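Novice: I am attaching a structure below and will ask some questions about it afterwards.
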Ligand code: 5CA
């Protein structure tokens with residue numbers, strides 16, 4: 001992509017409305033713009049990151065055996081009356097009336113709708129277990145939308161729903177998602193710690209939040225100091241095998257959210273306990289028959305008797321993750337994207353757009369990167385080197401290749417790694433090689 005033809009409205013100054021670094025950087029780097037409180041448009045650069053995050057989430061859900069669907073954003077109120085949550089949800093739910101005076105709502109979550117789909121289609125225990133997920137916009141009329149996409153009113157969520165015949169099967173489904181989450185966040189370069197959590201309006205008794213430690217996090221959390229040195233799971237897993245050992249291993253070290261932490265009953269001695277703040281990027285729930293019973297989502301068991309299915313639901317804050325990754329990955333100059341979610345892998349800078357030799361060399365290098373399938377943002381604008389360098393540092397692509405007249409005379413380009421700032425001179429071929437692997 002040529003920057004001269006791109007839509008990247010960068011801001012020089014820190015926007016005053018942004019209180020935390022990720023919000024500031026997302027606005028300054030031209031990733032998002034607010035349309036009204038807690039509601040954002042995603043501009044080209046931000047949208048690319050959102051899609052990368054979404055794709056990692058999708059691949060790991062698929063690997064764990066979940067099946068992707070797409071449910072609508074607008075749901076009928078009747079379904080929520082069946083589960084009893086229509087009144088419970090209160091002002092957080094955006095209620096809509098259509099032209100026929102039918103009560104509708106913009107979905108804050110999808111337990112009711114998926115249960116309705118399931119009960120209409122599945123009648124026998126032979127069709128279990130199943131896990132269905134979608135990645136769809138949600139609306140919650142939060143009292144205090146803040147911190148940009150971190151606590152939005154409209155936000156993108158991955159929500160999965162599992163259906164099992166019995167509690168044992170449901171725990172296995174829970175474990176699958178638990179392990180898939182560890183892998184998902186690790187792939188984004190994040191350390192997300194699974195913590196025992198309260199179930200709130202979703203319900204149930206077994207629940208974990210996945211928390212990234214960050215000073216700007218909204219949740220107060222407590223964990224064993226050893227977590228700070230513990231790496232999260234990044235290896236391949238056989239999802240059909242026994243996952244209980246994984247679950248046990250990653251829950252053996254103490255970690256709990258404020259609501260679940262009782263200082264008097266805490267098993268960790270005070271000097272070994274970390275009290276910190278964290279960002280909740282995922283939340284999983286096992287709630288048994290809370291929805292299947294009132295909504296009559298039943299199957300016939302092996303002996304013909306009706307059984308209410310055991311359910312769980314599993315959420316990931318896809319749009320929140322974009323902010324969370326920036327909170328974890330930035331420096332004074334701007335964002336430092338992990339390669340897996342970077343909007344482009346490399347920024348190509350032509351130092352002298354007006355110089356024929358530089359332009360030919362940079363155009364040629366750009367063509368070769370494209371041919372090799374390397375995602376590149378090419379700064380071909382007629383701007384000063386300082387402007388180009390600070391723009392590239394701000395948007396945080398993992399690598400930069402700088403082509404200028406002095407280097408060209410020596411037959412070299414400059415290769416810079418954004419993370420450590422290390423610069424090396426090398427031939428264009430060597431730089432191409434480095435980027436193609
Ligand atoms: N039905 C369940 C699981 S699918 C559910 O809705 N869980 S949740 O309420 O915990 O939300 C799932 C995830 O969505 C959270 O872990 C969080 O990462 C994200 N999320 C929740 N509210 C917001 C919000 N206002 N803005 C951005 N992300 C949010």
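Novice: Using Cα pairs closer than 8 Å and at least 6 residues apart in sequence, work out the relative contact order for segment 147-277, in percent. All intermediate terms of the calculation are to be shown ahead of the outcome.
Specialist: Values: 145 pairs, mean separation 39.7, N = 131.
Normalised by residue count, the contact order of segment 147-277 is 30 percent.
Novice: Which of 219, 252 has the fewest other C-beta atoms within 10 Å, and how do the rest follow up to the most?
Specialist: Details: 219 17, 252 10.
So the ranking, lowest neighbour count to highest, is 252, 219.
Novice: For the pair residue 205/residue 39, report the inter-label distance in nm, with labels modelled 7 Å from Cα in the Cβ direction.
Specialist: Result: 4.1 nm between the two label points.
Novice: Can you sort 423, 81, 187 from fewest to most other Cβ atoms within 10 Å of each residue's own Cβ?
Specialist: The most exposed by this proxy come first: 423, 81, 187.
Novice: To continue, here is another question. Rounded to the nearest 500, what is the 222 nm mean residue ellipticity of the chain from helices alone, with -39500 (n - 2.57) per DSSP H run of 4+ residues and division by all residues?
Specialist: Values: 12 runs with 133 residues, N = 437.
Theoretical 222 nm ellipticity from helices: -9000 deg cm²/dmol.
Novice: Take the chain, connect every pair of alpha-carbon atoms lying under 10 Å apart with a spring to form a Gaussian network, then pick out the residue of 282, 421, 234 with the largest mean-square fluctuation.
Specialist: Among 282, 421, 234, the largest mean-square fluctuation in the Gaussian network model of the chain belongs to 421.
Novice: Shifting gears a bit: Compute the helix-to-body angle for 44-63: its Cα long axis versus the longest principal axis of the chain, expressed 0 to 90° and rounded to tens.
Specialist: 50
Novice: Taking neighbour Cβ counts within 10 Å as the exposure measure, how do 321, 132 sort from fewest upward?
Specialist: Ordered from fewest to most neighbouring Cβ atoms within 10 Å, 321, 132 come out as 132, 321.
Novice: Please say if segment 7-335 is rounded, prolate or oblate, where rounded means a/c under 1.5 for a ≥ b ≥ c the square roots of the C-alpha gyration tensor eigenvalues, and otherwise the choice is prolate for a/b larger than b/c and oblate otherwise? Before the final figure, lay out each step's value.
Specialist: On the way: a/c = 1.75, a/b = 1.21, b/c = 1.44.
The shape class here is oblate.
Novice: Can you tell me the FRET efficiency between residue 239 and residue 97 if r is taken as the Cβ-Cβ distance and R0 is 60 Å, rounded to the nearest 0.05? It would help to have the intermediate numbers written out before the result.
Specialist: Values: r = 44 Å, r/R0 = 0.73.
After rounding, the FRET efficiency stands at 0.85.
Novice: Calculate, for residue 303 and residue 248, the FRET efficiency according to 1/(1 + (r/R0)^6) with r their C-beta to C-beta distance and R0 30 Å; round to the nearest 0.05.
Specialist: Working: r = 33 Å, r/R0 = 1.10.
Using R0 = 30 Å, I get an efficiency of 0.35.
Novice: Could you give the length gained by full extension between residue 436 and residue 68, i.e. 0.36 nm per residue of separation minus their alpha carbon distance, to one decimal place? Spell out each step's value before the answer.
Specialist: Working: separation 368, 0.36 × 368 = 132.48 nm, distance 3.14 nm.
Difference between extended and current length: 129.3 nm.
Novice: Here is a further query. Where a ≥ b ≥ c are the square roots of the eigenvalues of the C-alpha gyration tensor, would you call segment 192-243 rounded, which needs a/c under 1.5, or, failing that, prolate if a/b is larger than b/c, or oblate?
Specialist: On the way: a/c = 2.37, a/b = 1.14, b/c = 2.07.
Oblate, because a/c is 1.5 or more while a/b does not exceed b/c.
Novice: Let me ask something else about it. Binned at 10 Å from 0, what are the whole-percent values of the Cα-Cα distance distribution for segment 344-436, short to long?
Specialist: Result, from short to long distances: 18, 57, 25, 0 percent.
Novice: Compute the helix-to-body angle for 318-328: its Cα long axis versus the longest principal axis of the chain, expressed 0 to 90° and rounded to tens.
Specialist: In the chain, helix 318-328 runs at an angle near 50 degrees to the longest axis.
Novice: Also, I was wondering about something else. For segment 344-436, what's the relative contact order in percent, using C-alpha pairs closer than 8 Å and at least 6 residues apart?
Specialist: Averaging sequence separation for qualifying contacts and normalising by length gives 32 percent for segment 344-436.
Novice: Here's another thing I want to ask about it. Mean-square fluctuation check for the chain, GNM, Cα pairs under 10 Å: which of 257, 216, 230 is largest?
Specialist: Highest fluctuation of the listed residues: 230.
Novice: Taking only Cα atoms, what is the 0 to 90° angle, nearest 10, from helix 385-395's long axis to the longest principal axis of the chain?
Specialist: Once rounded, one gets 10 degrees.
Novice: I would also like to ask the following. What whole number of Å gives the distance from the Cα centroid of segment 234-291 to the Cα centroid of segment 397-437?
Specialist: Each part reduced to its Cα centre gives a spacing of 43 Å.
Novice: Starting from the Cα-Cα distance between residue 331 and residue 258, subtract it from 0.36 nm times their residue separation and give me the gain in nm to one decimal.
Specialist: On the way: separation 73, 0.36 × 73 = 26.28 nm, distance 2.93 nm.
Once the chain is fully extended between residue 331 and residue 258, it gains 23.4 nm.
Novice: Assuming a ≥ b ≥ c are the square roots of the Cα gyration tensor eigenvalues, decide whether segment 42-188 counts as rounded (a/c under 1.5), prolate (otherwise, with a/b larger than b/c) or oblate. List each step's numbers first, then the result.
Specialist: Working: a/c = 1.97, a/b = 1.06, b/c = 1.85.
Oblate is the answer for segment 42-188, as a/c is 1.5 or above yet b/c matches or exceeds a/b.
Novice: Here is a follow-up. Ranking request for peptides 117-125, 374-382, 323-331: highest mean number of other beta-carbon atoms within 10 Å first, then the rest in descending order. Mind dumping the intermediate values first?
Specialist: Details: 117-125: 14.7, 374-382: 19.3, 323-331: 22.2.
My ranking of the peptides, most packed first, is 323-331, 374-382, 117-125.
Novice: Same structure, new question: Picking from 54, 414, 17, which is most flexible by a Gaussian network model of the chain using Cα springs under 10 Å?
Specialist: The residue that fluctuates most here is 17.
Any read-out appearing in this document is the output of simple, stated calculations on the displayed coordinates, not a laboratory observation. For clarity, every value in this text was computed on a predicted model and none was experimentally measured. Cβ sites come from the backbone with ideal geometry, for glycine too, and all protein chains shown count toward neighbours.
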